[in-house]
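Taking it in order: structure first as structure tokens, then the write-up.
The values are calculated or read from the model by the stated rules, or taken from the named source; none is laboratory data. Just so it is clear, the structure is predicted and the values come from calculations on it, not from any experiment. Cβ atoms come from the backbone with ideal geometry, glycine included; neighbour counts cover every protein chain shown. Side chains are part of the model used for accessible areas, which takes the heavy atoms of the whole protein and leaves out ligands, DNA and RNA. Shrake-Rupley method; radii C 1.70, N 1.55, O 1.52, S 1.80 Å.
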Amino acid sequence: MRADMSRLVRTDAARTKPGIVHLGLGAFFRAFGAVYIEDAVRRSGGDWGIIGVSLQSAGTRDRLAPQDFVYTVVTQEPDGGETLRTVEILDSVLVAPEDPEAVLRQMSDPAIRIVTLTVTEKGYCHDPSTGSLNFDHPDIVHDLENPLPKSAPGFLVRALQRRRDAGLPPFTVLTCDNLPENGRLVRRAVLDLAQRLDPGLAGWIGTEGRFPATMVDRITPATKPEDIDRLAERAGYRDEAPVLCEPFRQWVVEDDFVEAHGNDARPDLAAAGVELVTDVTPYENMKLRMLNGTHSSLAYLGYLAGHETIAETVADPAFASFVKKLWRDEIIPSFAPPEDVDIDAYAGALFERYSNPSIRHRTWQIAMDGSQKLPQRILGTISNNFDAGRACPGLVLAVAGWMRYVGGVDERGNPIDVKDPLSEQLRERLDAADTPEEKVASLLAMRDIFSATQAARLADPVGRAYASLCHNGARKAVEDLT
Ligand code: CS2
């Protein structure tokens, strides 16, 4: 760092007054929701500043606080060009474990009308195969016994309780995580928890609360130290917390916000390019299956084949044919796309997005938390194919790839740093089984990931695919398929 290099500074002295609390302040929301909300405020005004909350660590707050919570969004073009934009809509950041009371105070402030969330799949503390709240989750056990919560559902419920007690309307809960029917899922988690704590509260939330579903899309690779240095060179200021992303973005939101807030129920999202619809489900299905389903497939198999990023993976002709085959033969036939979308063009555009060489999106990053991602990204698609009597060898190979990956040793015998809330259990099961068939059977028996029907139908095909990965390696297995 050059000693004379200036820090990033806020230009908006008045700063937008807060109207939103955001739970789970990662790079994705800063490159996505915050940008849309800032655009909406620029075009149509409104007090929609954002108070960010980190539910785990203080890192983001510590990097942002010295620059007054202003940061740069770096959009990376395929030709290597970069567009810089500074975002000032973030008002401040709280770190929940340091001061959960401060978080609840903010969430129950009358000025707050929306709580947005990007807490990742595992942050809802639900059982991925059924969608109901997991009452054995340690954070939920904690939140049932303590008024100062740890989990996202816990913060939502306790803050809504304070608002009801104070005679205030609830806030709208706007989830921005890649989960099917994400609005319904978070509503269920909140109601399940509230029901145990205070059934009257559950009734009030059930009637007054609003949980619109959303489809969110922007590829946002993790920021690396060299990105920070490169930006400093280019911009002439030092930003310790920039976020990188692709040019593409799409946000589809169900227009169902808490009515009691009247005209102040939400920012003018349409002015910022958000698509407001009555039913997000077809968009969500399309995005989760077409994008996230192939992302995860490429991540496990690409990683095993030695590819570091998605762009590198799809630059390998075997994987390029593989992903196109997945879309054409296994994913597109499995669901009904939104009426206004040309699904082949959508697949073509996805391939272009994956191929953007400026986006260094690591296969390892996407491979994280597979136990929480597989059901909605891949397993539902496989079930629909099986129901229709269609084989889907590519997606089956992806499931087998995940099983190889969570075994923790790559094809060259090197350890894999497996990040997953169930990583220990997965590893133990694999280590305890002797043969490839037993390993596959032992993972398929995990009912929080696979339903009994899925497990029964997958045993043979995944067993064969797993054996082929062990014998031939991922690249050859992928090539053989296409
Ligand atoms: C990715 C997503 O990390 C992952 O699992 O599949 O974050 C993906 O980049 C976004 O959903 C794109 O919108």
Checked against (1) in a helix (DSSP H, G or I); (2) among the β-branched types (Val, Ile, Thr); (3) within 16 Å of the ligand (Cβ to nearest atom), ILE382 satisfies every condition except (3)
Would you check which residues across the range 392-408 are part of a loop (DSSP other than H, G, I, E, B) and either in contact with a strand residue (DSSP E or B) (Cβ under 7 Å, 6 or more places away or on another chain) or closer than 15 Å to GLY302 by Cβ (or both) and list them? GLY408
Would you mind finding the one in LEU174, LEU185, LEU168 that is touching a residue at least 60 places away in the same chain (Cβ under 8 Å) and open to solvent by 30 Å² or more (accessible area, probe 1.4 Å)? LEU168
Return the only residue of ALA445, ALA467, ALA477 being more than 30 Å from the chain's Cα centre (by Cα), among the small types (Gly, Ala, Ser) and open to solvent by less than 70 Å² (accessible area, probe 1.4 Å). ALA467
Which listed residue, of LEU291, LEU244, LEU269, is assigned by TED's automatic domain parsing to the domain that holds ILE310 and in contact with a strand residue (DSSP E or B) (Cβ under 8 Å, 6 or more places away or on another chain): LEU291
Taking helices (runs of 4 or more DSSP H) that fall entirely within the range 1-78, which contain at least 1 residues that are in the same structural domain as ILE219 (by TED's automatic domain parsing), open to solvent by 60 Å² or more (accessible area, probe 1.4 Å) and not hydrophobic (A, V, I, L, M, F, W, C)? 33-44, 59-64
In the range 338-352, what residues are open to solvent by 30 Å² or more (accessible area, probe 1.4 Å) and either in a loop (DSSP other than H, G, I, E, B) or within 12 Å of the ligand (Cβ to nearest atom) (or both)? GLU339, ASP340, VAL341, ASP342
Is it the case that ARG429 is without any contact (Cβ under 8 Å) to a residue 24 or more places away in the chain, in a helix (DSSP H, G or I) and touching a Ser or Thr at 6+ places or on another chain (Cβ under 9 Å)? yes
List pairs: first in the range 228-246 and free of Cβ contacts under 8 Å to residues at least 40 places away in the same chain, second open to solvent by 10 Å² or more (accessible area, probe 1.4 Å), Cβ under 7 Å, 6+ apart or cross-chain? ILE228/GLU240
Within the range 59-72, is even one residue over 22 Å from THR220 (Cα atoms) and among the hydroxyl-bearing types (Ser, Thr, Tyr)? no
Give the range 221-243 a look and list any residue that's open to solvent by 10 Å² or more (accessible area, probe 1.4 Å) and within 16 Å of the ligand (Cβ to nearest atom), or say none. ALA222, THR223, LYS224
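Results for (1) crowded, with 17+ Cβ neighbours inside 10 Å; (2) within 16 Å of the ligand (Cβ to nearest atom); (3) of a type in the set (Gly, Ala, Ser), shown as yes or no for each residue.
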| position | (1), (2), (3) |
| --- | --- |
| VAL314 | yes, yes, no |
| GLU330 | yes, no, no |
| PRO333 | no, no, no |
| ALA336 | no, no, yes |
| TYR354 | yes, yes, no |
| SER358 | yes, yes, yes |
| TRP364 | yes, yes, no |
| LYS373 | yes, yes, no |
| GLY389 | no, no, yes |
Among what's in the range 188-220 and is among the polar types (S, T, N, Q) and open to solvent by 50 Å² or more (accessible area, probe 1.4 Å), pick the residue that is nearest to GLN372 (Cα to Cα). GLN195
Residue under question is SER57, and the condition is that it be in contact with a strand residue (DSSP E or B) (Cβ under 9 Å, 6 or more places away or on another chain), among the small types (Gly, Ala, Ser), under 17 Å from ARG234 (Cα atoms) and more than 16 Å from the ligand (Cβ to nearest atom); does it hold? no
VAL252 - would you say it is closer than 28 Å to ARG184 by Cα and either within 15 Å of the ligand (Cβ to nearest atom) or touching a residue at least 60 places away in the same chain (Cβ under 8 Å) (or both)? yes
In this structure, is GLU284 more than 16 Å from the ligand (Cβ to nearest atom), buried (at least 20 other Cβ atoms within 10 Å of the Cβ) and not in a loop (DSSP other than H, G, I, E, B)? no
(1) buried (at least 21 other Cβ atoms within 10 Å of the Cβ); (2) under 22 Å from GLN372 (Cβ atoms); (3) not β-branched (Val, Ile, Thr): which one isn't true of PRO421, the others all being true? (1)
How many residues are open to solvent by 30 Å² or more (accessible area, probe 1.4 Å) and within 16 Å of the ligand (Cβ to nearest atom) if we restrict to the range 259-281? 2
Within the range 284-321, track down each residue that is among the aliphatic types (A, V, I, L, M) and within 30 Å of GLY183 (Cβ to Cβ). MET286, LEU288, MET290, LEU291, LEU298, ALA299, ILE310
Please identify the pairs in which a residue from the range 360-382 that is within 15 Å of LEU443 (Cα to Cα) and at pLDDT 95 or above has its Cβ atom under 6 Å from the Cβ atom of a residue that is open to solvent by 10 Å² or more (accessible area, probe 1.4 Å) and polar (S, T, N, Q), counting only partners at least 6 apart or on another chain. LEU379/GLN454
Kindly establish whether VAL396 is buried (at least 19 other Cβ atoms within 10 Å of the Cβ) and in contact with a Pro (Cβ under 7 Å, 6 or more places away or on another chain). yes
Please state which one of GLY293, GLY262 is part of a helix (DSSP H, G or I) and on the phi > 0 side of the Ramachandran plot. GLY262
